[in-house]
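Undergrad: Next up is a structure, given as structure tokens.
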Amino acid sequence: MNYTLKTLAEEDRPREKLIAKGRQSLSNAELLAILIGSGNARETAVELSTRILSHFQNDLHSLGKLQVADLTAFHGVGTAKAVSIIAALELGRRRNLSEAALKVIVRSSKDIFDHIQPLLGDLQHEEFWVIYLNKGNRIIDKERISSGGVAGTVVDVKIILKNALQKLASGIILAHNHPSGNLQPSDADISVTKKLKEAAKLMEMHILDHIIVGEADYYSFADNGII
């Protein structure tokens with residue numbers, strides 16, 4: 001038989017502990033155990049959760065990048081449990097994104113990074129996003145322009161400028177991620193930035209910055225004087 005959360009003493013069961021003492025009283029393993037629900041023939045849900053977290057050095061960022069197949073590789077985690085874990089972590093990611101969206105006035109490259117990192121920081125493929133601002137550097141909108149492989153994406157200058165005009169944007173910030181972790185701009189990154197900057201001038205708009213996003217750091221074209 002599988003060991004379920006019911007096999008634990010009541011005071012040690014994560015669900016009961018959460019109700020009695022609040023969510024902050026639970027460890028990461030106990031929270032994960034609530035999602036898993038049951039363990040396997042040798043482990044309780046808490047023990048299985050502890051083993052999964054230990055495999056990833058207790059790094060929730062690493063856990064958030066996993067696919068269904070990665071999780072089902074652990075004995076006792078089926079497809080349904082894996083989907084529950086991924087969905088819960090995705091909700092957490094979106095919560096971080098919502099909190100970042102509250103900072104709507106851009107004053108520095110760090111503000112841009114904080115705003116866009118929850119979208120791009122964990123991705124294993126490259127995406128190109130554009131952030132549109134009004135004259136007061138307040139964010140009007142942001143959108144994904146393209147999504148590609150690990151080596152790059154296709155960027156259509158006409159689409160970006162068309163959308164900027166429709167949104168009555170005065171400023172444009174470009175952002176994309178480098179899944180490799182190397183934050184240095186490529187020749188293609190520099191070329192498309194210059195092309196967009198020149199085209200935007202004709203429409204009295206400004207490319208304010210281009211941010212290359214990593215998991216915990218970034219590269220700013222403006223800060224490095226190449227925009």
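Undergrad: Looking at the range 46-83, which of its residues are surrounded by fewer than 17 Cβ atoms within 10 Å (Cβ to Cβ), of a type in the set (A, V, I, L, M) and within 12 Å of ALA29 (Cα to Cα)?
TA: Passing the criteria: only LEU60.
Undergrad: Then there's this: Quick check, is ASP141 closer than 20 Å to HIS115 by Cβ, out of contact with any Pro (no Cβ under 6 Å at 6 or more places or on another chain), acidic (Asp, Glu) and surrounded by fewer than 19 Cβ atoms within 10 Å (Cβ to Cβ)?
TA: yes
Undergrad: Something else about it: Within the range 120-133, is even one residue touching a residue at least 24 places away in the same chain (Cβ under 8 Å), assigned by TED's automatic domain parsing to the domain that holds GLY171 and over 19 Å from the mean Cα position of the chain (by Cα)?
TA: Scanning the range 120-133 turns up at least one residue that is touching a residue at least 24 places away in the same chain (Cβ under 8 Å), assigned by TED's automatic domain parsing to the domain that holds GLY171 and over 19 Å from the mean Cα position of the chain (by Cα).
Undergrad: From the list ASP209, ASP189, which one is surrounded by 12 or more Cβ atoms within 10 Å (Cβ to Cβ) and touching a residue at least 40 places away in the same chain (Cβ under 8 Å)?
TA: Criteria check complete, one pass: ASP209.
Per-residue answers, yes or no, for (1) buried (at least 18 other Cβ atoms within 10 Å of the Cβ); (2) under 19 Å from HIS115 (Cβ atoms):
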position	(1), (2)
LEU161	yes, no
ALA169	yes, yes
ALA199	no, no
MET205	yes, no
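Undergrad: Let me ask another. Tally the residues that are out of contact with any strand residue (DSSP E or B) (no Cβ under 8 Å at 6 or more places or on another chain) and part of a helix (DSSP H, G or I), restricting the search to the range 111-136.
TA: 2
The values are calculated or read from the model by the stated rules, or taken from the named source; none is laboratory data. Note that the structure is a prediction, hence the values are computed from the model and not measured. In this analysis, Cβ positions are derived from the backbone assuming ideal geometry, glycine residues included, and neighbour counts consider all displayed protein chains.
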